[in-house]
Amino acid sequence: MPQTTAHAAPSAPARAAAHPAARERLRGIASMIAAVFVFSIMDALMKRLSTHYGPLQIACLRCVASFVCLLPVIGWQRGWPSLRVRSPLLHLVRALLGVAMLASFVYAVHRLSMAQTYSLFLAAPLLMTALSVVLQNEHVTRRRWLAIGAGLGGVLIVLEPWSSGAFSARAAAAAAIATVCYSVSALSVRALGREDSRLSLVFWYLLLVGAGAGALSIGDWRAILPGDWLWLAAIGVSGTLGQLWLTDAFRHAPPAVVGPFEYTALLWAFAIDWTFWSATPSASLLVGGAIVIGSGILVILDERRAAEPPLNPACPPP
């Protein structure tokens, strides 16, 4: 017999309304994908500038350029009162991690291809997942663990650690340092986002990291070439958008959910390497990238499954 009205399955709007947390997580996923795209553009520009400027100077210029672009956004939104912070010490720790992360990443991307650097850096989602379980008591399903593990396996295939002379050990170590700093910093965003506004998180990160990197780079500072101002402006715009979307991602979803979607950066790395540096992807890059993308799809499916409400035992399906 067909179900009566009282026992009918809930409609899609009712299911969505019953699970606001699932909607928040999906918004976090969308923000992460957008952030990864614009950050890929910014990283390519920083790689270009790294041929003339040191890592710390580029880290400083990246933050200053984005900070200049952020000020009109704050003025337009009249967000100056929202810049107050409640945990200044945690903001300072996040800034120190940011200085180390940016400088290490620029050092690595200068000596490696975009795809190689991203393959190392994309170990961050796995590290964030482990840290979020330990530090923030996040729940991670077995399916999601398997998907993240598969993504890490894809990264290993991309890197081909069994081959000889694949890349510089120093550059790989720098990418690893950047990965650790980024992972811990991302967890601090999750904690700070409970009390501080999105604008506050971005504002103080750019200001403190820019000031710290600038102070450390004084001894090796080089004059800005006239032709590089346009690239710095593009870094500012892309970095501001990426920082806003990244902060939004970690405020609306746990790191274990949004972290794996950073794997989409590999797609942009392949395209950028081929377009600007004529680096044709190898078979290992393509196979490993396919595995990484597949792991992201599995995470999406697991998230959709989690968004479905549990069946009411008193109202079994027909």
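Counting only helices (runs of 4 or more DSSP H) that sit completely within segment 36-128, those holding 3 or more residues that are among the hydroxyl-bearing types (Ser, Thr, Tyr) correspond to 114-121. Between 256, 223, 215, 306, the distinction of being assigned to a helix (DSSP H, G or I) and at pLDDT 95 or above belongs to 215 only.
In segment 200-216, the residues that are closer than 11 Å to residue 57 by Cβ reach residues that are not in a helix (DSSP H, G or I) with C-beta atoms within less than 9 angstrom, at least six apart or across chains, in these pairs: 214/221.
The residues in segment 85-106 that are modelled with pLDDT of 95 or more and among the hydroxyl-bearing types (Ser, Thr, Tyr) can be counted, and the count is 1.
Residues checked against (1) of a type in the set (Lys, Arg); (2) free of Cβ contacts under 8 Å to residues at least 40 places away in the same chain; (3) surrounded by fewer than 23 Cβ atoms within 10 Å (Cβ to Cβ); (4) within 25 Å of residue 144 (Cβ to Cβ):
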| position | (1), (2), (3), (4) |
| --- | --- |
| 268 | no, no, yes, yes |
| 272 | no, no, yes, no |
| 277 | no, no, yes, no |
| 284 | no, no, yes, no |
| 290 | no, no, yes, yes |
| 297 | no, yes, yes, yes |
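More than 17 Å from residue 37 (Cβ to Cβ) and either of a type in the set (Asp, Glu) or surrounded by 15 or more Cβ atoms within 10 Å (Cβ to Cβ) (or both), is that true of residue 237? No, not satisfied. Would you pick out the residues in segment 69-89 that are under 15 Å from residue 191 (Cβ atoms), surrounded by fewer than 16 Cβ atoms within 10 Å (Cβ to Cβ) and in contact (Cβ under 8 Å) with a residue 12 or more places away in the chain? 86, 87, listed by residue number. Beta carbons closer than 8 Å, at least 6 apart along the sequence or on distinct chains, pair a first residue in segment 128-141 that is closer than 18 Å to residue 182 by Cβ and of a type in the set (Asp, Glu) with a second that is assigned to a loop (DSSP other than H, G, I, E, B) and at pLDDT 75 or above for 138/254. May I ask you to verify whether residue 180 is at pLDDT 80 or above, part of a helix (DSSP H, G or I) and of a type outside the set (Gly, Ala, Ser)? Judged against the criteria, residue 180 is a match. Scanning segment 131-144 for residues that are at pLDDT below 75, more than 16 Å from the chain's Cα centre (by Cα) and part of a helix (DSSP H, G or I) yields 133, 134, 135, 136.
Select from segment 196-212 the residues that are at pLDDT 90 or above, surrounded by fewer than 23 Cβ atoms within 10 Å (Cβ to Cβ) and within 23 Å of residue 24 (Cα to Cα) and list them in ascending order. Correct list: 200 only.
The values are calculated or read from the model by the stated rules, or taken from the named source; none is laboratory data. Because the structure is predicted, anything quoted here is derived from the model rather than measured. Please note: Cβ atoms are built from the backbone with ideal geometry, for glycine as well, and neighbour counts cover all protein chains shown.
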